[in-house]
Amino acid sequence: MMGPATSPPPAWTGSPVTRPIMLYKIPWPLERSRRWTRYTPLLNVNNHSLTSTNLWDASIYTRTKKSPWLAVAVYTGMETKMALNYQSKSQKRSAVEKSMNAFLIVYLFILISKAVINTVLKYAWQWSPDRDEPWYNHRTENERQRHVVIRAFTDFLAFMVLFNYIIPVSMYVTVEMQKFLGSYFITWDEEMFDEELGEGAQVNTSDLNEELGQVEYVFTDKTGTLTENNMEFIECCVDGNVYIPHAICNGQILSAASSIDMIDSSPGGYRREHEDLFFRALCLCHTVQVKEEETVESIKRGIHQGKPTSFYISSSPDEVALVEGMKRLGYTYLRLKDNYMEILNKDDEIERFELLHVLNFDSVRRRMSVIVKSSSGEYLLFCKGADSSIFPRVVSGKVEQVKARVELNAVEGLRTLCVAYRKLSESDYQEACHHLNEAKLALQDREQRLAQAYDIIERDFVLLGATAVEDRLQEKAADTIESLHKAGMKVWVLTGDKMETAAATCYASKLFRRSTQILELTKKRTEEQSLHDVLFELNRTVIRQRSMSGLSVDCLDFGLIIDGATLSAVLKANQEGAGSGNYREIFLDICRNCSAVLCCRMAPLQKAQIVKLIKASKEHPITLAIGDGANDVSMILEAHVGIGIMGKEGRQAARNSDYAIPKFKHLKKMLLIHGHYYYIRIAELVQYFFYKNVCFIFPQFLYQFFCGFSQQPLYDTAYLTLYNISFTSLPILLYSLVEQHVTIETLKRDPSLYRGISKNSLLRWPVFLYWTCLGVFDAVIFFFGAYFLFDNTTFTSNGQLMTTNTQMMFGNWTFGTLVFTVLVFTVTLKLALDTHHWTWINHFVIWGSLLFYVIFSLLWGGIIWPFLNYQRMYYVFMQMLSSGPAWLSIILLITVSLLPDVIKKVLCRAMCPTAIERAQDHEKLSRGGVAELTPLSSRRSYKGTSTDSSHLHLGAAETLSLHRSDPLPQKLLVHLAEGGGADLCSLSPYVLRLSGAGYAYYAPGPETSV
Amino acid sequence: MVKQEREIGNRPDNTAFTQQRLPAWQPMLSAGIVIPGFVLIGLAFIGIGVALFVTSRSIQVLEMDYTGVEPTSPCFRCSDPDVKNCVCNLAFNIDTLFKGPVFFYYGLSNYFQNYRKYSVSKDDDQLSGDLDNFESPSDTCSPYETVGSVPIVPCGSIANSMFNDTFKLYQIVNGNEKLVPFDGKGIAWWTDYNVKYRNPSVTPLKNAFNNTVKPISWPKPAYELDTSDAANNGFINQDFLVWMRTAALPDFRKLYRRITEGDYAKGLPAGNYTLKIAYNYPVLSFQGRKMVVFSNVSWMGGKNEFLGIAYLVVGSMCVFMSIVMLIVYAKFKFPEED
């Protein structure tokens, strides 16, 4: 149903009714890329040959309802472009969940081996008959008759039941609750609330919260994600004088009169002339069309032009922005009518120019020209193009000033164009016409000859000036990318745009810096050399640099630019066979050394392919994809974490994503703060759960050695049941919801802290082993501590609390209760030691749980419960508490259990502190001295509309960074205007820089002044 | 306006909780806290340890095995299971005054009162005097639930295996045996005696046991455990209560009597003693051992050196670790801070 409908409908007809249905297998035209043109289907139907020329677009077919033809529907259903570019949603599992499952398998293994060991030991131990069945513990007849294998099996199962608590079923419940409840913090986050959209972040799945803290690769769409999808004319510079319209504020166009600030500054004759020519050049030298009515939605780039129903449309959004910018500076392009271009100039007069020739833009020349005839009969050639293609052809004009300005703007990430003109005499014009017509009529090498003709015509320019257009970056996009880089993430920009545009954005968004060495892997290069050579050469470069620079790798970073065609070549070469060289590996190797990669000219599914490729590379990095449009959906679905931007292009991406945020800048908070917190929270949750269950069950395992392997439980049933449900559940759940090991401000200030938790560092096997060993150690302490108190000694209460008793013996339930009490206190206090952020909630649940345990035990042992047929816990807890040695041993055992962990923590912090621990130290130091200063200063810098304390975090760095897209403060404009003259061009960079740094000092800031 | 309202409606609550900005105390295990803390804990523990150790040392314990495994043992004759109603005399002598109150225990080793089947083999309802459970004891009592179809009361393995050696202590004064009075009251838990275990409210008690049989191993039924004292008979017999509280570990002691009365209220004076043991309880079949223990107690209970030593060890470890940490800190931390 796709493809060009270049020819009339199939030329064969037939009876549509009687023909049997036949199914044809049609080869797919060039795998799923955007080049649909190369069709190869050949198909014979009744001797009619069908080729691509017979293909017809479905939409056309439905529109032209004529007499019935016989048609073959091809590429339908699941073979449509839509369907093929769509990827089914697969379940995503986080890295934490995967390691959790791995740990679980280990614990399952431990459980089974414990049961097996005990069963085997039981029968080994029972080998002698006096142990098997002593006279005081006879079996029933039934039991005696049971076969030994069955007995052994039942014993095994009984041990499994006894030890099953080591598999923390409640952990899964707690993890789910943590994820579900925890995700509310994302939706609740006011900083991620967008005033314009009236929406905050959305959480579509809570399964991946912690994965946000593990991201290593960020794949981002460009248009609409990094940029606002909105080109804007920023400034122009005529002979070094800068003109800045500051018209668009919050999407509303100010009246034209007020938008021109400084055009009328001492108009000298020469200058005035250039100025006029410059504005006219921009109004004329373009291929913009004026659309009078609101048509289809596809003309999004059109901006309202005076009347509500007219738009500028063009294949290049830059041109629209330029023409639009001119309009704001007072020169309105009205229409092209009968080959005359009409301009409404500043004095509201209509000027008409006859359009004679358009020398179209191409990417080799990187410029375009028009030849027009003014109403006064002058022939003018206007040319605009990239600086590199204009400057060599300029013969006069203030080249130096313009060049300085252009360079400055390029550094700022603006898309610059230079404008030049040439007056043509009648003879010049005729000659040019001659060249052009000859070339256009040439039968062979037409393009080459056209290029030659252009080359002849476009020369001897007089430089007029330069323009700067911004594909407006989203607010704080550069800052966000910088933070992501600092956090150790590799950012890839995947875009369908052409390379130059994309690269400009990458520079603007600080993805590439000036120091970045760009490696190109594009079709242009692979046409010159083979893919093989290019790849190897790049790889060599990377490796050489890496080995040369040694330690200072991060000083020199690489940026890679690759286009869709080359990418599919890289991937395809690999599919064809490993013999042709493992390009994929080499490619990945190059990518690994690049901090930033730009993939341009990508088809939607290729975006997903790239993500898949990285996912499958040998390190298995965690990937994140972020995009706003339907074309990003496949990538969002493919990546470990998919984030949708609630952008202008519908909500497809947001709906298919795991998380949806209003703006790209929110990614920073999402990853660096929420992701970080969720990760450390859940990591502790998982480890702690395994730990506390080891502590819980291991004493019971040890007890089997002292009760003849008879599956005697150490703890009462109520304790067994409630341990995970009530006594130890809430503290860890609340910990995993509110813990903040460092403050939000610190995380924001220092994105590199994110590296500290990368690669699932808190759930690696050594850490897991540490926790498990700690659990075993604690369990051994609990059990043998109690054992030595009970064993062969007269461990008794002196009965001072209960005067009728002076001596009481403790039974096995007291033994279990003693162990259990130590256990509950130890694991809770262990969590208390790990808690770094004690809110009232933490205090409440930690001390509350302990209190609950004590109260429950008093109650459970204080009453003869009528529904129980055994009263074994009756007064056990109270009797235990009435014994001095019990108190002493509880205190001792808790202390001993906690000691090693405390010592380990203190020593590690002193000897090899992690970045996070350093940050904590730093926080603590600064909390003392600067505490009073910080809130004040940040409050001052905060935008005045709200007094919310939640915004106090706005650090100085954020307030200071000035974005070009922000409307400039009025005062600054005045400064610029007063400066005037030719010096301004060279001065203004400093002024602008200053304005960046001094933004905070222009007291009320732009928000209040505009 | 509508849009504004929507925005306000969607806007998340700006509370300290939702914005994760609850005020918090952020303690840290830094050297400044941990090292002094360790020193303090260490010193406190050493103090407690010394006190415990000294106390424990002052406690006198006298243990005597009377299983009769060795032929030289006075109870060797009795250890033969075929010999019935055997009494053996265990003579011993005390050098110095055994300070009172003296507690007299019997001890069993290699005896697993904590077998799972064994420790559940009783009927708590029956033992609380519920007559319904006299007629049909709980299944858990099996195989000591019934004899034929007649229910056993008290049923179950624990009751059946009740310790039934009896002891009488004599001091040899001028060649004559002088009985040392035993106090058998209040040796069980107060709650067991007063709440948990109840005799059925039938008088005479014997009638409640109609249509039941005594446990197989018992020489006499429950209502004859102490015919001299109704408050110590049946299910609330102190020896029975002590036995019914199953021990945690296979080597255990149980309180038998206290010596608090008469001439011996201050303790056992130095001299020669004879313990007359009615040897009934078989332990050799499962390699068990029987012993008697005389002990006095302190504020912290019976003799228990473990606790004192443990406190001393942990306390000194704390002090030691604080020194180690101090060294580590001096080495790693201070240069940085400069």
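The values are calculated or read from the model by the stated rules, or taken from the named source; none is laboratory data. Computed from a predicted model, the values in this text were never measured in an experiment. Every residue, glycine as well, gets a Cβ built from its backbone with ideal geometry; the counts of neighbours run over all protein chains shown. Please note that ligands, DNA and RNA were not included when accessible areas were found on the heavy atoms of the full protein model with its side chains. Shrake-Rupley method; radii C 1.70, N 1.55, O 1.52, S 1.80 Å.
Projected onto the charge dipole of chain B (+1 at Lys/Arg Cβ, -1 at Asp/Glu Cβ, origin at the Cα centre), which of B:Ile48, B:Gln126, B:Tyr279 gives the Cα projection farthest towards the positive end? Toward the positive end, the furthest listed residue is B:Ile48. Averaged over peptide B:12-18, the number of partner chain Cβ atoms lying within 10 Å of each residue's Cβ comes to 6. Surface listing: A:Trp813, A:Trp840, B:Trp299 arranged by accessible area from highest to lowest gives A:Trp840, B:Trp299, A:Trp813, probe 1.4 Å. Measuring nothing but protein heavy atoms, the accessible surface of the stretch B:1-139 at 1.4 Å probe radius is 59 percent carbon and sulfur.
Taking the chain by itself as reference, the stretch B:283-310 contains these residues with an accessible-area loss of 20 Å² or more in the full protein complex (1.4 Å probe, heavy atoms): B:Ser285, B:Phe286, B:Trp299, B:Met300, B:Gly301, B:Gly302, B:Lys303, B:Asn304, B:Phe306, B:Leu307. Note the full-extension length gain between A:Thr76 and A:Glu527 as 0.36 nm times their separation in residues minus their Cα-Cα distance, in nm to one decimal. Contour length minus Cα-Cα distance gives 158.9 nm. For the stretch A:163-202, the per residue solvent-accessible surface stands at 38 Å², with DNA, RNA and ligands left out and a 1.4 Å probe. Close amide H partners of A:Arg335, meaning residues 5 or more places away or on another chain with modelled amide H under 5 Å apart, are A:Glu342. The share of accessible area on the stretch B:196-338 that comes from carbon and sulfur is 58 percent, using a 1.4 angstrom probe. Going by accessible surface with a 1.4 Å probe and the largest first, A:Phe852, A:Phe727 read A:Phe852, A:Phe727.
Rolling a 1.4 Å probe over the protein heavy atoms gives the stretch A:335-374 an accessible area of 54 Å² per residue. Chains A and B together bury roughly 9000 Å² of accessible area, counting both sides, with a 1.4 Å probe on protein heavy atoms only. Per the 1.4 Å probe, what fraction of the accessible area of the stretch A:654-777, in percent, lies on carbon and sulfur atoms? C and S fraction of accessible area: 69 percent. Computed 3J(HN,Hα) for the stretch A:893-906, one whole-Hz value per residue from the Karplus formula 6.51 cos²θ - 1.76 cosθ + 1.60 where θ = phi - 60°, is 5, 4, 4, 4, 5, 8, 3, x, 5, 5, 4, 4, 4, 5, glycine and proline marked x. Taking A:Arg146, A:Arg365, A:Arg514, A:Arg544 and ordering them by how much accessible surface each has at a 1.4 Å probe, largest first, produces A:Arg514, A:Arg544, A:Arg146, A:Arg365.
For the stretch B:66-296, what is the accessible area per residue in Å² when the probe is 1.4 Å?
For the stretch B:66-296, the per-residue accessible area is 41 Å².
Note on A:Glu475 and B:Lys168: their simple-model spin labels are 10.0 nm apart, each label 7 Å out from Cα toward Cβ. The charge dipole of the stretch B:66-296, taken about the Cα centre with unit charges on the Cβ atoms of Lys, Arg (+1) and Asp, Glu (-1), comes to about 560 debye, rounded to the nearest 20.
The packing ranking, built from the mean of other Cβ atoms within 10 Å per residue, places the peptides A:736-748, A:686-698 in the order A:686-698, A:736-748, highest first.
Classify chain B as rounded, prolate or oblate, taking a ≥ b ≥ c as the square roots of the eigenvalues of its Cα gyration tensor: rounded when a/c is under 1.5, otherwise prolate if a/b is larger than b/c and oblate if not. Cα axes put chain B in the oblate bin. Remark: the Cα gyration tensor places the stretch B:143-233 in the prolate category, a/c being 1.5 or greater and a/b exceeding b/c. The heavy atoms of A:His147 present about 110 square angstrom of accessible area, all protein chains included, probe 1.4 Å. Compute the relative contact order of chain B as a whole-number percentage, counting only Cα pairs closer than 8 Å that sit 6 or more residues apart in sequence. Computed value for chain B: 35 percent relative contact order. The HN-Hα couplings worked out from phi for the stretch A:169-182 by the Karplus form 6.51 cos²θ - 1.76 cosθ + 1.60 (θ = phi - 60°) are 4, 5, 4, 5, 5, 5, 4, 4, 5, 4, 5, 5, 5, x Hz, whole numbers, x standing for Gly and Pro. Can you give the helix-only mean residue ellipticity at 222 nm for chain B, where every DSSP H stretch with n ≥ 4 adds -39500 (n - 2.57) and the sum goes over all residues, rounded to the nearest 500 deg cm²/dmol? The helix-only estimate for chain B comes to -8000 deg cm²/dmol at 222 nm.
In the complete set of protein chains, residue-level accessible area for A:Phe109 is approximately 150 Å², probe 1.4 angstrom. Contact residues in the stretch B:96-120 by the 40 Å² criterion (accessible area, 1.4 Å probe, full protein complex versus chain alone): B:Tyr105, B:Phe112, B:Asn114, B:Tyr115, B:Arg116, B:Lys117. Multiplying each eigenvalue of the alpha-carbon gyration tensor of the stretch A:129-205 by 5 and taking the square root yields semi-axes of 61, 11, 7 Å, largest first, rounded to whole angstroms. The mean number of Cβ atoms from other chains found within 10 Å of a Cβ in peptide A:869-875 is 6, as a whole number. For A:Asp362, the residues whose modelled amide H falls within less than 5 Å of its own, excluding neighbours fewer than 5 places apart on the same chain, are A:Arg367.
Under 5 Å between amide hydrogens, built in the peptide plane, is the criterion, and for B:Ile172 it picks out B:Lys178, B:Asn272, B:Tyr273, B:Thr274 among residues at least 5 positions away or on other chains.
As an equivalent ellipsoid, the stretch A:682-772 spans semi-axes of 36, 17, 6 angstrom, where each value is the square root of five times an eigenvalue of the C-alpha gyration tensor, largest first. Per-residue mean of foreign Cβ neighbours for A:124-137 is 5 (Cβ atoms of other chains, 10 Å radius).
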